1. Applying the selection to region A:176-198, what residues are surrounded by 12 or more Cβ atoms within 10 Å (Cβ to Cβ) and among the basic types (Lys, Arg)?
2. Is region A:372-390 home to any residue that is at positive phi, facing chain B (nearest Cβ under 10 Å) and not charged (D, E, K, R)?
3. Spot the failing condition for A:Phe212; the list is (1) farther than 17 Å from A:Ile299 by Cα; (2) under 23 Å from the mean Cα position of the chain (by Cα); (3) aromatic (Phe, Trp, Tyr), and only one is missed.
4. Kindly indicate the residue of region A:345-364 that is in contact with a Ser or Thr (Cβ under 8 Å, 6 or more places away or on another chain) and of a type in the set (A, V, I, L, M) and also nearest to B:Lys154 (Cα to Cα) among those meeting that condition.
5. If I ask for residues that are in a helix (DSSP H, G or I), touching a residue at least 60 places away in the same chain (Cβ under 8 Å) and not hydroxyl-bearing (Ser, Thr, Tyr), which ones from region A:421-448 would you list?
6. Looking at B:Phe212, B:Phe254, which is the one that is under 30 Å from B:Gln338 (Cα atoms) and in contact with a Phe, Trp or Tyr (Cβ under 7 Å, 6 or more places away or on another chain)?
7. Residues that are within 20 Å of A:Val279 (Cβ to Cβ): find the helices (runs of 4 or more DSSP H) completely inside region A:303-420 holding 2 or more of those.
8. Given the condition in contact with a Pro (Cβ under 6 Å, 6 or more places away or on another chain) and buried (at least 24 other Cβ atoms within 10 Å of the Cβ), answer yes or no: does some residue in region B:164-179 qualify?
Amino acid sequence: MNIPLPNLAPIVPELIMSLVASGLLLVELFTRRKQIIGYLTLVTAGLTLYVLPMSQGETFGGMFISDNFSAYFKLIFLINVILIVLISLKYMAKSEADYGEYYSLVLFSTVGMMLMASAKNLIVLYLGLELMALSTYVLAGIKKRDVRSNEAALKYFLLGAFSSALLLFGMSLLYGLTTSTDIYQISSFLKTKAVTPALLVSMIFVIAAFAFKIAAAPFHMWAPDVYEGAPTSVTAFLSVGPKAAGFAVIGRVFYIAFGSVQTDWTAMFIGLSILTMAVGNILAIVQVNIKRMLAYSSIAHAGYALLGIIAGTGEGLSAMMVYLLIYAFMNIGAFAIVILFDNREEIGQYAGLSKSHPIAAAMMLVFMFSLTGIPPTAGFIGKFNLFAAAVHAGYTWLVVVAVIFSVISAFYYLRVIMNMYMKPATHEASVTSSPGLWVALFVAVVAVLIIGILPSIVLTGSSLSWL
Amino acid sequence: MQTGHEMHVTTSPTNAGRALMRSLLWLPVLGLALLLGILVTRSVAYPVLSMVIFLPVAGALCLLLLKREQEKLIKICALVLSSAVLLLSLPLYTGFDKGTPSMQFVEKHAWVPAFNIHYAVGIDGISVLFVLLSALLTILCVAVSWHAINEKVKEFYASLLLLEGSMIGVFASNDLFLFYVFWEAMLIPMFIIIGVWGGPNRVYAAIKFFLFTLIGSLLMLIGIIVLFFYTSHSFDMLQMMTASYPYRLQVILFWAFFSAFAVKVPMFPVHTWLPDAHTEAPTAGSVILAGVLIKMGAYGFLRINMPFFPEATRTMAPAMMVLSVIAIIYGAVICLGQTDFKRLIAYSSVSHMGFVTLGIFALNVQGLQGGILQMINHGIVTGALFLCVGMVYERTHSRVITDYGGAATPFPVYAGLFMIFTLASVGLPGTNGFVGEFLILVGGFTASKTLGALAATGIIIGAAYMLRLYQNVFFVKINPGLRGMPDVNEREILTLIPLVILVFWIGFYPNALLGFTDVSVQHLMERVSSITPQLSQHAGEIVR
């Protein structure tokens, strides 16, 4: 039997990442300095970023596709990896969790996300999702001796496994209905058929499973505990990567596979979005732990990003993608500040930091205003773009709801600023700074401001078709 | 000991007299500088509006690079920068063509092509005065904060300059997106100024200010987005001023924009942030808030609500006038019961801004002219009153009116200056307040006799609370704690003198400002209603 070698060109980025990730496990045997592994990870991510534009096309018998849509998400994933590695270098050593596996797990989980973004077949989608998920379960618990980290890993694993089961169930129903696992074939099949209850049930299961990944209410329960318990760098990683990957598959599956039954899933997503914004924003107000607060804030942001999906247009999709890119910078930036002041978990402990650490405080100010969506920061551009897409699609009332929750969100973001700038210091100021952390912070803050002032960098127009 | 005090009291007036003389001697110098500025800026061509928007912003960033310890240098830089902005804005005064309602000093560059967003700035008769007012008040704010701000000096002046740039940006924007960006960007430095350098309850006041403004602004953002799609994918304000939208849409959008502007003005039910913010803000913050920020709400009505949605404006005008009259009387009555110096002036702003919105929504030329003039007047007079309060607060560290009393004895010069602003605030003929309030009442009576009459009672109550304040602070039995305190010094007199000049200049020769607004206002009126040329001629006579 002669099996031809598939065209490997479209999958080169994933190949590089997987090979290096495996190799890093070996490198760890020969070096005591774990930072070298971190630098190697950076180089790998940079290399992957470089080859990304050259890897267009389909392969593996049409199961894997590398197009503009996937490339954009891979860009987000790689930015995520680079920033995370930069903020982890010193932090992991300090938290006595300096294992070489850390970096290869980051890479493996990113490969999983990239597979999800490129999946043209539900099987590949599931493989990618599991690769991502299993790696992140371990990452959440990488502080072996920390009970909270263990708890986070266990919770994440149990609920994640549950959501995987839901997804498999939904997918099997879908396969039963359409006799295919190919997203495009499902799409053309569904176009010719009327909506049946079985299809709706399968759709609900798929939505529930994806909602777990993007931490949308009411499937968000794991997020605050996991975000609080996991090491902060992992939290930053989890709050951006898996979320963006979840949105990538939502985009692909719902715009393509369920493209003909848009009215049905839009209704579900509207409910999901409103609930997510409500839960995220309202519960964030009462948090005293900054990581929990940022966890709820990231839930809320998933609610905003869902507006792009709900719009159901190319504009909406592209607004959602731009939002996730911007969100990556501002959210990781905020977590980087938390790492910088890593002995303070309570928001009240940030009091008076503007006096002792004016630059870090100013950066946090930028990130907080950006998360609120105040110009001239990138967060405003992202929100504006999303709102414009939703209004154009006729969901003005939903935008009004989103706006009201935005105002609520201002309250808890301002509280951080208020503590830093308007209250006297209560705690001894000590920071864990490192060059890597400062580079990451600098990149994030510059990105947030530049995108805010020159939005044309990310707003390329709705003419581009992504899928 | 007793004699020592007596000595001090007797000597301090002479000191104050000397300070007054010295500061008067400075005036020719400043006048010459102004003249020189006019000559130089007239002969050099440069993009005026971009310059006055971005020079303070760039200057703020440069200030941040200076060393924290060089406080003196930072202050001088801030003073030089803010003065430079005023000098650079002079061509707006000297080169302004009063005969045309169209935009002048226009600059337009593509900014975000994907959304057809332009960096478009330009001014007309309605906005030109506010740009100049913002530039002037910022200098005075720098001067008054000289000794009042001792902490985080660098950040304070940087915030102030950022605030100046974005304020001018709001008045100069011709692109709705740009307008919104400046409108919101302004919130950040103002929030910081109130929250960091404010009074005891500053954090509460800052957050209240931010949240109130934000909810209004975000509703406006939705309005802007909707407008974008209805104006064939454009944010061009000039295009929107001539477009005609369906009536239902106009009404909805009117309320969307109203929510942002009413909070800023602030109109009656949403005014509650103002007393807190004005009271708790540091002097410079109160001056900018009262002088410029709250004018933006009324400016928004003039720039956006009226020309964009003329039919809706006509329908809503009676409701707006009722709200204005409520604000006038309610604000004034509350002032009568105030024990806090700053809070009283803050509530008087609610009342005075009620006059402004009354004039605007009277929808006739006199009312509009008066409204705009009164905005400038209120900026000058209330700005000056806050400056005055800040000056004594620096000495006594008290805002409670009963802690004063007999202050005219230790502070004779100060008492004189305060008297001028008090009378201007009351609206005595000869001061600027009279002209504005008179025009507004003429406009108000033309629109509705009842509302006009009710509004006029606001003036009476206004006189009552201002004169009572003046009496309690300056004339009653002297509070022993005040003895021996120094009167205003040269710097403080020089801060107030420009405003004194403006009070009388506008009071005696209002056409100096009305000439700027005349043509633009008539143009606006033609858009809002089908006013006959004869009537507008008549209005012009009254103005003159």
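1. A:Lys193 - this is the single residue of region A:176-198 that is surrounded by 12 or more Cβ atoms within 10 Å (Cβ to Cβ) and among the basic types (Lys, Arg).
2. Start the filter on region A:372-390 by keeping residues that are at positive phi, which leaves A:373.
Filter once more, keeping what is facing chain B (nearest Cβ under 10 Å): A:373.
If we keep only those that are not charged (D, E, K, R) as well, we get A:373.
Within region A:372-390, one or more residues are at positive phi, facing chain B (nearest Cβ under 10 Å) and not charged (D, E, K, R).
3. Of (1) farther than 17 Å from A:Ile299 by Cα; (2) under 23 Å from the mean Cα position of the chain (by Cα); (3) aromatic (Phe, Trp, Tyr), only one is false for A:Phe212: (1).
4. First pass over region A:345-364, keeping only residues in contact with a Ser or Thr (Cβ under 8 Å, 6 or more places away or on another chain): A:348-349, A:351-352, A:361-362.
Still in the list and also of a type in the set (A, V, I, L, M): A:351, A:361-362.
Working: A:Ala351: 20, A:Ala361: 15, A:Ala362: 13 Å.
Among residues in region A:345-364 that are in contact with a Ser or Thr (Cβ under 8 Å, 6 or more places away or on another chain) and of a type in the set (A, V, I, L, M), the one nearest to B:Lys154 (Cα to Cα) is A:Ala362.
5. Filtering region A:421-448 for residues in a helix (DSSP H, G or I) gives A:421-422, A:435-448.
Within this subset, residues satisfying the condition of being touching a residue at least 60 places away in the same chain (Cβ under 8 Å) are A:421, A:436-437, A:439-441, A:443-445, A:447-448.
Of everything in region A:421-448, those that are in a helix (DSSP H, G or I), touching a residue at least 60 places away in the same chain (Cβ under 8 Å) and not hydroxyl-bearing (Ser, Thr, Tyr) turn out to be A:Gly436, A:Leu437, A:Val439, A:Ala440, A:Leu441, A:Val443, A:Ala444, A:Val445, A:Ala447, A:Val448.
6. On the way: B:Phe254 fails: under 30 Å from B:Gln338 (Cα atoms).
Of B:Phe212, B:Phe254, the one residue that is under 30 Å from B:Gln338 (Cα atoms) and in contact with a Phe, Trp or Tyr (Cβ under 7 Å, 6 or more places away or on another chain) is B:Phe212.
7. Working: elements: A:314-340, A:353-356, A:358-372, A:378-392.
Correct list: A:314-340, A:358-372, A:378-392.
8. Of all residues in region B:164-179, those in contact with a Pro (Cβ under 6 Å, 6 or more places away or on another chain) come to B:164-165.
Retained after the next criterion (residues that are buried (at least 24 other Cβ atoms within 10 Å of the Cβ)): B:164-165.
Within region B:164-179, one or more residues are in contact with a Pro (Cβ under 6 Å, 6 or more places away or on another chain) and buried (at least 24 other Cβ atoms within 10 Å of the Cβ).
Every read-out reported here was derived from the displayed coordinates using simple, explicitly stated rules and does not represent laboratory data. Note that the coordinates shown come from a computational prediction; the quantities given were computed from them, not determined experimentally. Neighbour counts are summed over all protein chains in view; Cβ atoms, including those assigned to glycine, are modelled from backbone coordinates with ideal geometry.
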